[in-house]
Amino acid sequence: MIVSAQSALLFIFPVLVLLAALKDVVSYTIPNWISLALIGGFLAAALVGGMPLPTVGLHLGVGAGVLVLGIAMFAMNWIGGGDAKLFAAAALWLGWPATVNYLVFTALAGGALAMLLLSLRAPAFRPLVLVAPGWLSRLATPGENVPYGVAIAVGALAAFPSSTMLRLAPGIS
């Protein structure tokens, strides 16, 4: 019973980061409840999974450190506030050293996303996008923001297999 509860709790992470990415693409917002649910889900998964208290502390420290990094990026107007919170909440799940992979994967995904949006925003594609749904037309609008939650989700999902959370889970390795 504990193993199935832990597996169900581990499913929260990918579902919520994907939901955040989708929400960011269509509305350029990531609701606070998603980051809060990630924090609550981590605490529940850590408790049910029997994560040692020092490891929980390390995860909390990593999450706090990434929150500081996210706030700095927000202050420089590189990412939005929802992105900064999602960035930290995902790092909380990943722990150390998987967060190093997370940062690299997120940066690479962000670069790929920027190149994709620059291509989509090129004058050659403008006529095609005018008949697209509103959210796609907005993505293709030159000068519009970048839904960086997509890059955060890609980075988080790519790093998740190396996370402490999965290494501690029975039957998963």
Could you list, in sequence order, the residues of region 42-64 that are under 16 Å from the mean Cα position of the chain (by Cα) and buried (at least 21 other Cβ atoms within 10 Å of the Cβ)?
PHE42, HIS59, VAL62, GLY63
Cβ pairs under 7 Å, 6+ apart, first in region 127-149 and more than 24 Å from MET73 (Cα to Cα) and in contact (Cβ under 8 Å) with a residue 60 or more places away in the chain, second surrounded by 13 or more Cβ atoms within 10 Å (Cβ to Cβ) and not basic (Lys, Arg)
TRP135/VAL25; TRP135/VAL26
Among the residues of region 88-140, which ones are of a type in the set (S, T, N, Q) and within 30 Å of PHE42 (Cβ to Cβ)?
THR99, ASN101, THR106
Within region 1-24, considering residues that are more than 13 Å from the chain's Cα centre (by Cα) and either more than 18 Å from SER163 (Cα to Cα) or of a type in the set (D, E, K, R) (or both), the one surrounded by the fewest Cβ atoms within 10 Å (Cβ to Cβ):
MET1
Total residues in region 65-97, condition assigned to a helix (DSSP H, G or I) and either at pLDDT below 95 or surrounded by 13 or more Cβ atoms within 10 Å (Cβ to Cβ) (or both)
22
Can you tell me how many residues in region 105-125 are more than 18 Å from PRO147 (Cα to Cα) and either at pLDDT 90 or above or exposed (fewer than 13 other Cβ atoms within 10 Å of the Cβ) (or both)?
2
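The values are calculated or read from the model by the stated rules, or taken from the named source; none is laboratory data. These numbers come from a predicted model, not from an experiment. All Cβ positions, glycine included, derive from the backbone under ideal geometry; neighbour counts span all protein chains shown.
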